[in-house]
Amino acid sequence: MKGAGSMFGIVTWMAFGYGLVWGGLWMILSSMLLMLVSGFVLVPPVGMAALAGAVGAMVLLFADPAKRGRKATLMVAAANILSLLVLTMAQPFALPLEEGVLIQFVTLLLWAGLTTVSLLLCFDGYAAGAAKRYLIEVLIIRLLKGLALVLFTVFVALPFYVMVMTSLKSQQKLLANPLDFSIDFGQGFAPLFRSYIELFTQFHFGTFLLNSAIVSVITVVLTLAFAVPGAYAVARLRFPGQAFLSRSILLIYMVPAIVLVVPLYAVFSQLGLRNSLFGLLVVYPATTIPVALYMLQGYFRGLPSELEEAGLMDGLNRVQVIMKITLPLALPALASVSLYVFMIAWNEFLFAFMFLDNLDMFTLSRGVVSLNSSEVPRQHLMAGAVVATVPVLAIFLWFEKYLVSGLTAGSVKG
């Protein structure tokens, strides 16, 4: 009993600490969101929010585990809100209540909800009086995982949010308050998206977008055309030097691109391949085929060779075996390689910067850099970054569904 009591005391102190951590962390992030959306300048009461989170954690810890559900969730959230209002004297974000009443209320609910959910997830399955040593380890792991997930999400989402909001601002508002990322949706479509409209009407971004799409798609096609038979040969066929070829595929990546760009620049200048997309279509597949070969040969080796042997016994030749058996089974790998190669070609900058001087030949990465000057407003640069990012993001989300569905492709019917 003494050991159980001391263990329960440890869990109680852990709950108090978890309340401090989550209450303070979500106050920082909620206040940051409030400032970005509303433009208010405030000093968030992090210490008071941490204490309020600890109060909510104590309410959760001593709640009846058998009844810990919606009622307990509302109790913890109410305890968080009431304690924060009391500790801050009804100014939860160090702002007078008459300033942005609605947005303050919504942000307060957001803070309380996130703090409550974080505590519930950390102490899920815990019953008062039944603490054990392994449970403490579980609680610590949950806290570390939660903090890592939250911080990673913030570091990824915050720059993208700032980029999008800046692209929707006018030059006057940016100069008046660079830290105000609130958006006036009442100004209409044309003023709101003026930066994007001017990108495509004045800065040739339609041409840049088309050039990047052409180069990226053709690079994927050329890469797969060479990588699929090459990877299959390395994985399945037996020939002299097979082991050396398999191990030396990625040797090209030992040479930095900055070392290759100077001699390639000289050669392309003499051959007339500068300022042309054809020059990029020579370089890009040369840099993507090795990694595609490496990825695909490992996947081909993992496929059961008995299926291919059965196809050969049924009268199929080697090419038919690849097309009808191997490739359908390798759809997830082909999708992964295609996405990886497409992203490399879409985002590549060094070779495009060195080889392209003609505005009509610019790819998106080269075009975005051309906006980075004192003569171009900052919101146009951010709008260009959004235009360059969104297509890749959309393709990735679409391919994610395709990868999951492709896992069952080519399955053997019984």
The chain: relative contact order as a whole-number percent, Cα under 8 Å and 6+ apart: 17
Quick check for me: using +1 on Lys/Arg Cβ and -1 on Asp/Glu Cβ, what's the dipole size of the chain about its Cα centre, in debye to the nearest 20? 1060
Can you give the FRET efficiency for VAL369 and ALA225, using 1/(1 + (r/R0)^6), R0 = 41 Å, r = Cβ-Cβ distance, to the nearest 0.05? 0.85
Net charge contributed by nearby residues that have their C-beta within less than 14 Å of ASP357 (K/R +1, D/E -1): +1
Between 0 and 90 degrees, rounded to the nearest ten: what's the tilt of helix 205-236 against the longest Cα principal axis of the chain? 70
Calculate, in nm to one decimal, what PHE152 and THR12 gain on full extension: separation in residues at 0.36 nm each, minus their alpha carbon distance. 47.6 nm
ARG70 versus VAL138, label points 7 Å from Cα toward the beta carbon: distance in nm? 2.6
Unit charges at the beta carbon, dipole of region 197-406: most positive-side option, GLY272, MET295, PHE399: MET295
Helix 46-61: angle to the longest alpha-carbon principal axis of the chain, degrees 0 to 90, nearest 10? 80
Loop by DSSP (not H, G, I, E, B), at most 10 other beta-carbon atoms within 10 Å: where is the longest site-free stretch of the chain for GluC sites (Glu not before Pro)? 99-374
Whichever aspartates and glutamates have a C-alpha closer than 16 Å to that of LYS169, once near sequence neighbours (fewer than 8 apart) are set aside: ASP180, ASP184, GLU198
Viscosity 1.002 mPa s, temperature 20 °C: give me the Stokes-Einstein translational D for region 73-157 in µm²/s, with Rh taken as the Kirkwood radius over C-alpha pairs. 143
Would you please classify the overall shape of region 2-176 from the alpha carbon gyration tensor, given that a ≥ b ≥ c denote the square roots of the eigenvalues, rounded means a/c under 1.5, and beyond that prolate means a/b larger than b/c while oblate covers the rest? prolate
Please arrange SER118, SER248 by how many other C-beta atoms lie within 10 Å of their C-beta, fewest to most. SER248, SER118
Cα long-axis angle, helix 133-167 against the chain (0 to 90 degrees, to the nearest 10): 70
Straight-distance crosslink candidates among aspartates and glutamates, where the alpha carbon sits under 16 Å from LYS324 and sequence neighbours closer than 8 are dropped: GLU306, GLU308, GLU309, ASP314
Rg and Dmax of region 197-406 over Cα atoms: what are they, in angstrom? 20.1, 69
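Every number here is computed from the coordinates shown, using simple stated rules; none is lab data. Remember, it's a predicted structure, so these values are computed and weren't measured experimentally. A quick note on method: Cβ atoms are made from the backbone with ideal geometry, for glycine too, and the neighbour counts reach across all protein chains shown.
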